[in-house]
Amino acid sequence: MKKQLNARKITVFVIVTVANVFLARYAALSLSNVPGVVTFYFAVAFMIVFALWFGVWGALAAYIGCVIGAGIPAGLPLTVNLYWSLADLWQVVIPMGAFALLRANVGIRSKRDFAVFVLFGLILNNLAGALWGSAVFVWSGHFSETEFFSLFLNWFLGNMAVTLPITPLILRLLTPTIKKYGI
């Protein structure tokens, strides 16, 4: 039984990682005017869902998905890519930790659950990701210090714009199925 459980976790991890790579790659290649900068990075909405459903495995899949799917196609040097991709990690770890610590229902079943999502899965996580990612771009010389604020604002507002309609809807509608099948 334990081998089946481990095999299941590994299988889900691989599937979620591949999904994140393709989501990030599509967004990075088709929705970007500037390499590494995507106005509507819809991949983050799904990455948050996967991290809330699959915990550390989902968070690690988000990080790897960003490194391979967004950083590499953007042509970022490996060291910059590895630091920059931490933005996606912060964006999923913050709501994951908040839902666990506050014992909120990932299926968004109450106003309190939704409030936890809004604060930690929409605002604070995307704020942290946008600050981190923008700072790494300035630090690495990809953007100037004068471009920091517009880069940050574009990242933050764009991620909120895609996270708000997608993430709670998926969590509300599909979490019961995910739990039912023990995925």
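So how many residues does region 39-87 have that are closer than 18 Å to Ala161 by Cα and under 13 Å from the mean Cα position of the chain (by Cα)?
11
Quickly run through region 78-107 and pick out the residues that are touching a Gly at 6+ places or on another chain (Cβ under 9 Å) and assigned to a loop (DSSP other than H, G, I, E, B).
Ser85
Given the conditions (1) under 10 Å from the mean Cα position of the chain (by Cα); (2) crowded, with 24+ Cβ neighbours inside 10 Å; (3) more than 17 Å from Ile178 (Cβ to Cβ), report the number of the one that Trp90 does not fulfil.
Result: Trp90 fails condition (2) only.
Out of all the residues in region 1-14, which are surrounded by 14 or more Cβ atoms within 10 Å (Cβ to Cβ) and at pLDDT 85 or above?
Residues satisfying the conditions are Val12, Phe13.
Determine which single condition Gly141 fails, assuming it passes every other condition in (1) surrounded by fewer than 19 Cβ atoms within 10 Å (Cβ to Cβ); (2) outside any helix (DSSP H, G or I); (3) touching a residue at least 60 places away in the same chain (Cβ under 8 Å).
Here Gly141 meets the rest and fails (3).
Six or more apart or on different chains, Cβ atoms under 6 Å: show the pairs whose first residue is in region 155-169 and part of a helix (DSSP H, G or I) and whose second is of a type in the set (Phe, Trp, Tyr).
Between residues of region 155-169 that are part of a helix (DSSP H, G or I) and residues that are of a type in the set (Phe, Trp, Tyr), the close pairs are Gly158/Phe40; Asn159/Tyr41; Val162/Phe40; Val162/Phe42; Pro168/Phe117.
The values are calculated or read from the model by the stated rules, or taken from the named source; none is laboratory data. Quantities reported herein were computed from a predicted structural model and do not represent experimental measurements. Ideal geometry is used to build each Cβ from the backbone, glycine not excepted, and the neighbour counts take in all protein chains shown.
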